[in-house]
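Please treat every number below as a calculation from the coordinates, not as lab data. Predicted model, so just to flag it, every value in this text is computed and none were measured. For neighbour counting, all protein chains shown are included, and Cβ atoms are generated from backbone atoms with ideal geometry for every residue, glycine included.
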Amino acid sequence: MNLIDTPHIDVKTIIALNVHEVKNLMALLMFKLDTVQVVDDAITESRLLCHRVNDHMERMLLLFKLQSEHLTPHISDYSPIDFVDEFVANAQILAGSEIKIVKDVADAPSYWFFDRELVEIAMMNAIHNALRFAQHEIKIRAYQANQMLVLEVTDDGSGYPAEMLAAPVTTFLQTNRGLGLYLAHAIAQIHTNKNSHGQLSLHNNQHSHGAVFGLQLP
Amino acid sequence: MMDFTKKRVLIIDDSSAMCSSLKHTLGNLGIGKCETSNSGNEAIFRIRQREFDIIVCDYCLGEGSDGQQILEQLRKSALISPSVAFLMVTAERGYEKVVSCAELAPDDYLLKPFTPETIRLRLERVFEKKETFKVIYELLAQGNSAGAIVECDLLLDLKNKFAIDLIRMKGELLISLDRHEEARVLYEQVISARAIPWARIGLAKTLSMAGMADEAIEILELAIADTPQYLEAYDLLAKEHETQGQTALAQAILEQAVEISPQTLSRQTRVGEMAYRNGDLEKARRAFGIVVDQGRYSFFRSPSDFIRLSKVHLDEGQQDKALSVIADARKSFDKTPDFELETSVMESLIYHGASNREASMLALEKALEMKEKNGLVLPESSHLDLAKSCFLNDKVEEGRSLVKDIVSNFYDDEKVQGMVGQMLEQVGRAEESKELVENSVRDVIKLNNEGVSLAKKGDLAGAIALLVSAAQRMPQNVQVALNAAHALIVDSDRNGWNETQMDMARYLLREHEAKYSSLEKYKKINGLMKEVGLKFGVNIT
């Protein structure tokens, strides 16, 4: 019997390809679930689970991209108001009926330049985190300040722990909010205009408690 | 919420499962009339059958076809009107890269999976934008670009939410009307806030129009360094270098662009043409080969791609290959008179190369007969090939007359004159070249002067007869066309409105509008036409 040589395989790439495939299958599964007509708790919950699995897959793919190549944003002009509208609609699906997602776009500029898909991933991660701590409400806000578009996710929970606010970036991966914030930071950083680049800001709401996640895009 | 019930939708996806899921999602938005196609060609077939309001197309369609190609084909051939919403659906982030390289973007794109809410909001927005631009597109359809600019300004003053799109549109319109100074200011304003690639391209165009070629080149090089995926910059840069006579550099730049996006066949064709001009037969063969191979199953392939490839094979001394490409073309296309003529010209050259004099002569005679019988106007390269074949087959007089035609047609085009010189050299008539070209140019000038002097003497009918027939013989010759139009308009001015003649004048002017509308003489005669129109109460656009 001849032994078959095992060729060297690039495990990282193969994992990425498989994650990709799973993501495609998830997409199909979600579309399939959407075709189910009956209103049923199990179906609603399955949909929700699919969204969560999908968001995790997206995270993994993004992480892979960050590790293996230079992640270049695809910047185009979008209306922050439209972006928030759509984002709130989709976040509400994740939040279910317990938590209410509200928006505030009164001070949003009419257009801004950013990578819609990447910013959505960063924001969706913030929603996943906020949902774990929010009591009743999560607020999405878009406004312009100091030549930056600021996109904020504010929950009404107990806020970020003090040690995290002291040195956010280094603590990112050691907290249970971990990966999502790490990616949000990376996404903010690759948004550049002229000499400034994007920032991730984390702070606690001064009046009520609650954590404020903010993306500042130049 | 927008009412989608009357919208007709076409879904294009190679997976039937995806098609039916999407159909269901769209059904939930109230859309009743929804058709599906599993392939690009089937979709184009359906679109030719009836009109749709919304097209939802998957980017990845399998078997060498993708959604971007379909989009470009549909928009470029005007198979779908600007009012049709085209949404691209994609499984991965990679499409953003494609769309940022492409000349044509879909109205929006969606990453799978997406919720019904997302597609609803996106569609609403697309239609909201189309509604905003409706008046502008209507004005443009009437040829009223200046009016469209006024409308853009009006909307911009109202702080319209599509401000950035309006600015972009305004810039393009200003450029199309040769108002490059205004356009430059506009683009500089945009760039001062953010160096968006399209604004840089626009700025480079205005600089080039103002004769500041070096500054234009600098801006384009900057754009390529910052956003190497934005391909329009390469096209423009290549053109600038070509104008400066740097054809090797132009070829290298186009090759870089093709490297980034090999799917865009029109650019492959340009690479092939440039390489052929530079005598780089290997690159030319490769480029035309790709165009012929990849365009094979497309609705929009063209026989000229086959002719070009065949020509490269012939120049490389591969008569068998050259002939088989022509045979392939014969199998693939309808045999219109134009097609028969062009393929016969090629065959006569190939047979001559293979020392089959008899077959060469036969093909040449067929070509000459086709031209005579159908009164065809050939593209300049085929026209030259026909002349070449005449010289090779000892039909010297026919050859000379063909060369004369082409030189008088392109009397101010150095590129074409260079091609003529090259051809005459190849057939061993280099010494005739100068005289032939000079004579032809002199004849055109003489004819032009004769026409003008007839008109001055008051013999407008004589001038018109002479100049209009000359304009028809040399459709590319702008001087002849302008003089003919002038005589036609003056005739109406003096002797009363003549509908047929004014139509002819308008046609002659519009044929040259794209290239020569900034010419002083063009502006003067165009203005006169409008004046005369007003005098008789006719609004000429």
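Would you kindly work out the equivalent ellipsoid of the range A:1-146 from its C-alpha gyration tensor and give its semi-axes, the square roots of five times the eigenvalues, largest first in whole Å? Three semi-axes, in Å: 34, 23, 13. Counting every alpha-carbon pair across the range B:496-541, the share separated by more than 11 Å comes to 66%.
Size of the range B:8-112: Rg and Dmax of its alpha carbons, in Å, are 12.6, 35.
Seen from a random direction on average, the alpha-carbon convex hull of the range A:11-68 projects onto 3.9 square nanometres.
Charge dipole (Cα centre; +1 on Lys/Arg Cβ, -1 on Asp/Glu Cβ; no other charges) of the protein assembly as shown amounts to roughly 880 debye. Dipole magnitude for chain B: computed about the Cα centre from +1 point charges on Lys and Arg Cβ and -1 point charges on Asp and Glu Cβ, it is near 1220 debye.
Structural size metrics of the range B:409-541, computed from C-alpha coordinates, are Rg and Dmax of 16.9, 59 Å. Peptide A:19-31 has a mean shielding of 4, counted as Cβ atoms of other protein chains within 10 Å of each residue's Cβ.
Between 0 and 90 degrees, the angle of helix A:178-189 with respect to the longest Cα principal axis of chain A falls at about 70 degrees. The length gained on full extension between B:Asp14 and B:Glu520, counted as 0.36 nm times the residue separation minus their Cα-Cα distance, comes to 176.7 nm. Say a paramagnetic label sat at a point 7 Å from the Cα of B:Arg50, along Cα to Cβ; which residues of the range B:7-23 have their backbone N under 13 Å from it? Counting backbone N atoms under 13 Å from the label point, the list is B:7-11. Peptide B:15-22 is shielded by partner chain Cβ atoms: per residue, an average of 3 of them sit within 10 Å of its Cβ. The mean number of partner chain beta-carbon atoms within 10 angstrom of a residue's beta-carbon across peptide B:227-233 is 1. FRET efficiency for the B:Glu511 to A:Lys12 pair, using the beta carbon distance and R₀ = 45 Å, is estimated at 0.15. Between rounded, prolate and oblate, where does the protein assembly as shown land on the alpha carbon gyration tensor, with a ≥ b ≥ c its root eigenvalues, rounded for a/c under 1.5, else prolate if a/b exceeds b/c? Since a/c reaches 1.5 and a/b is larger than b/c, the shape of the protein assembly as shown is classed as prolate. Taking 7 Å steps out from each Cα toward its Cβ at A:Tyr143 and B:Lys434 produces label points 7.9 nm apart. Applying 1/(1 + (r/R0)^6) with R0 = 56 Å to the Cβ-Cβ distance of B:Asn539 and A:Ile93 gives a FRET efficiency near 0.50. The Rg/Rh ratio of chain B, with both radii computed over alpha carbons and Rh defined as the Kirkwood radius, is 0.99. Taking the range B:1-24 and a reference point 7 angstrom along Cα→Cβ of B:Ser81, the backbone N atoms nearer than 15 Å belong to B:7-8. Relative to the longest principal axis of the Cα atoms of chain B, helix B:213-226 runs at roughly 40 degrees. In this Cβ point-charge picture (+1 for Lys and Arg, -1 for Asp and Glu), chain A has a dipole of about 340 debye about its Cα centre. Within 14 Å, Cβ to Cβ, of B:Met504, how many net charges do the neighbouring residues add up to if Lys/Arg are +1 and Asp/Glu are -1? So the surrounding residues net to -2. Normalised by 2.2 N^0.38 Å, with N the number of residues, the alpha-carbon radius of gyration of the range B:278-408 equals 1.02.
Rounded to the nearest 10 degrees, what's the angle between the helix B:380-392 long axis and the longest principal axis of chain B, both from Cα atoms, 0 to 90? Once rounded, one gets 30 degrees.
Computed over every Cα-Cα pair of the range A:76-217 and binned at 5 Å starting from 0, the pair-distance distribution P(r) comes out as 2, 10, 21, 24, 21, 14, 6, 1, 0 percent. Which FRET efficiency, nearest 0.05, do B:Ser469 and B:Ala354 yield, Cβ-Cβ r, R0 35 Å? For B:Ser469 and B:Ala354, the calculated efficiency is 0.30. What is the distance in Å between the Cα centroid of the range B:477-541 and that of the range B:154-221? The range B:477-541 and the range B:154-221 have Cα centres separated by 31 Å.
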